[in-house]
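Peer 1: Shown below is the structure under consideration.
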Amino acid sequence: MNKVTFTTIGFVFFILGILSIVLSLIGVKFSFLAFIDKPGALFGFLIRLLMVFGGVIIIALAQTNWSQEGEEDIGAVNS
């Protein structure tokens, strides 16, 4: 998978997590995410937070230029 795909997946997780948290505060739920609240409200909230943070982490990792990061680390060690 390429950078754009991972960035899009991370963005979708982030947006769905934020929207589901905001909507749950006013008592509305996405029907396709209703299964998250079956074990309990706290569990559902934690999963939504995990979606938000997971989305941010996926975006950050997808946008990192790993070849450039490796060159900077090697140059710092050899100096």
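Peer 1: What angle do you read, to the nearest 10 degrees and between 0 and 90, between the alpha-carbon axis of helix 66-78 and the longest principal axis of the chain?
Peer 2: 50
Peer 1: If you don't mind, there's one more thing I want to ask. Let me know the charge dipole size of the stretch 3-78 about its Cα centre in debye, to the nearest 20, where only the beta-carbon of Lys, Arg (+1) and Asp, Glu (-1) is charged.
Peer 2: Working: 4 positive and 5 negative charges, 119 e Å.
Roughly 580 debye, rounded to the nearest 20.
Peer 1: Can you give the angle from 0 to 90° between the axis of helix 41-63 and the longest principal axis of the chain, with both taken from C-alpha atoms, to the nearest 10?
Peer 2: 30
Peer 1: What length, rounded to one decimal in nm, is gained on full extension from residue 1 through to residue 46, with 0.36 nm per residue of separation minus their alpha-carbon distance?
Peer 2: 13.4 nm
Peer 1: If you compute semi-axes √(5λ) of the Cα gyration tensor in Å for the structure shown, which of (i) 27, 19, 8; (ii) 36, 13, 9; (iii) 43, 16, 12 do you land on?
Peer 2: Label of the calculated value: (ii).
Every number here is computed from the coordinates shown, using simple stated rules; none is lab data. The structure presented is a predicted model; accordingly, all values stated were derived computationally and were not measured. Backbone-built Cβ (ideal geometry, glycine too); neighbour counts: all protein chains shown.
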